[in-house]
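The values are calculated or read from the model by the stated rules, or taken from the named source; none is laboratory data. Source: prediction; values computed, not measured. Note: ideal-geometry Cβ built from the backbone for every residue, glycine included; neighbour counts use all protein chains shown.
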Amino acid sequence: MRFDWSHQLVPWGSTDYMRFDWSHQPVPWGSTDYMRFDWLHRLVPWGSTDYMRLDWLHRLVPWESTDYMRFDWSHQLVPWESTDYMRFDWLHRLVPWGSTDYMRFDWSHQLVPWGSTDYMRFDWLHRLVPWGSTDYMRFDWLHRLVPWGSTDYMRFDWSHQLVPWGIN
């Protein structure tokens with residue numbers, strides 16, 4: 001004979017009101033020794049990792065847990081701080097590698113920020129154009145590239161034609 005968990009005298013082999021715990025020991029039905037409630041409110045052994053995973057902070061969390069998680073631009077669930085496949089844009093914002101928000105193609109077909117003036121100049125009409133642009137330009141009699149409307153070193157002759165100064 002032995003005393004059971006309710007202090008009753010029972011035969012040594014008796015398992016009345018007993019169950020086997022996670023370590024295969026007979027324990028009283030109500031015993032929660034070395035047990036915890038999991039995220040599904042089930043009573044499980046302290047060491048149980050069923051339906052658990054290590055999160056990016058190496059914490060044991062339920063499989064479905066999205067604590068400190070966000071959806072990235074490809075709709076994957078990633079940690080809030082994750083920068084995988086991300087880059088900082090010209091406004092110092094974290095954006096996906098492929099993002100072209102607030103971007104434009106420049107004259108050399110490079111993707112640049114909308115406000116970028118790299119390799120640009122203002123033309124005689126005060127428009128921002130590429131350095132090599134000759135739109136609305138012509139070569140003058142000194143073989144210089146000048147705007148179409150430029151009259152530098154020019155004069156009207158007797159027939160009201162615009163001619164270089166050195167021409168009679």
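Values for this structure:
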{"item": "Which numbered condition R127 fails, given (1) more than 30 Å from L91 (Cα to Cα); (2) within 48 Å of the chain's Cα centre (by Cα); (3) of a type in the set (K, R)", "result": "(1)"}
{"item": "Residue list for the stretch 92-102, restricted to those being within 14 Å of W114 (Cβ to Cβ), surrounded by fewer than 12 Cβ atoms within 10 Å (Cβ to Cβ) and touching a residue at least 12 places away in the same chain (Cβ under 8 Å)", "result": "D101"}
{"item": "Which listed residue, of W12, W5, is at pLDDT below 75 and part of a loop (DSSP other than H, G, I, E, B)", "result": "W5"}
{"item": "Search result, residues across the stretch 149-160 that are free of Cβ contacts under 8 Å to residues at least 24 places away in the same chain, surrounded by 10 or more Cβ atoms within 10 Å (Cβ to Cβ) and assigned to a loop (DSSP other than H, G, I, E, B)", "result": "T151, D152, Y153, D157"}
{"item": "Residues (of a type outside the set (G, A, S) and either surrounded by 13 or more Cβ atoms within 10 Å (Cβ to Cβ) or not in a loop (DSSP other than H, G, I, E, B) (or both)) located in the stretch 111-127", "result": "L111, V112, P113, Y119, M120, R121, F122, D123, W124"}
{"item": "Of all residues in the stretch 31-78 being among the hydroxyl-bearing types (S, T, Y) and under 30 Å from S6 (Cα atoms), the one that is surrounded by the fewest Cβ atoms within 10 Å (Cβ to Cβ)", "result": "T32"}
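Residue by residue, here is whether (1) more than 30 Å from S150 (Cβ to Cβ); (2) not assigned by TED's automatic domain parsing to the domain that holds V146 holds:
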site	(1), (2)
H75	yes, yes
R93	yes, yes
W97	yes, yes
W107	no, yes
G115	no, yes
H126	no, no
